[in-house]
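Just below is one structure, and these are the notes that go with it.
Only the coordinates and a few stated rules stand behind these numbers; no lab work does. This structure is a prediction, so every number in the text was calculated from the model and none was measured.
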């Protein structure tokens, strides 16, 4: 099996395709992987950045298309109800830019907002332009920030650079869960105090 995969592992076209498809599954993991691959010299930073940016834009458009196709279903529209559809249109009508930024920055909100944009009939040209710009800025900030960080780690730890990257990612994950746990506890305490009053 290893000898079969060897010719493909260092191939930039295969890495480009994997990063492109990876954005359809989990964007942040794809960005982290692309930056690490570029910093390690497995592919150029420009190729990795292009694959990630293109993948994010196309995956956003695919979510919009799923929503637009679902919006044509009379059965589904009846199940949701015209009152709920009108409320969703009002929410998205407040601003596609705000919805796009919020969806990109709040975890797990991207899928429902982008599908709802298609379902509720947001103009595709508006959606595509706004979200392509937001995705390009988002990818640039994350990719080049992580890329620079990886360059420093690979320089400092040489052959142990990959281990340092994984250790930093694990520490960041643990820290974010700790912060989220404290935030939930604080919110629960506020809610309990409000109920008592």
> When percent of Cα pairs over 25 Å apart is calculated directly from the model, which label among (1) 52; (2) 35; (3) 39 fits?
Replying inline: (1)
> If one takes the longest principal axis of the Cα atoms in the chain, at what angle in degrees, from 0 to 90 and to the nearest 10, does the Cα axis of helix 124-157 lie?
Replying inline: 30 degrees
>> Sequence gap at least 6, Cα distance under 8 Å: using those rules, report the relative contact order of the chain to the nearest whole percent.
In response: 23 percent
>> Nearest 500 deg cm²/dmol is fine: what mean residue ellipticity at 222 nm does the chain get from its DSSP H runs of n ≥ 4 alone, each adding -39,500 (n - 2.57), divided by its residue count?
In response: -29000 deg cm²/dmol
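Rounded if a/c is under 1.5, else prolate if a/b beats b/c, else oblate: with a ≥ b ≥ c from the C-alpha gyration tensor eigenvalues square-rooted, which is region 52-155?
Values: a/c = 2.84, a/b = 2.60, b/c = 1.09.
Prolate is the answer for region 52-155, as a/c is 1.5 or above and a/b outweighs b/c.
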> Helix 96-105 versus the longest principal axis of the chain: what angle, 0 to 90°, nearest 10, using Cα atoms?
Replying inline: 50 degrees
> What angle do you read, to the nearest 10 degrees and between 0 and 90, between the alpha-carbon axis of helix 110-119 and the longest principal axis of the chain?
Replying inline: 50 degrees
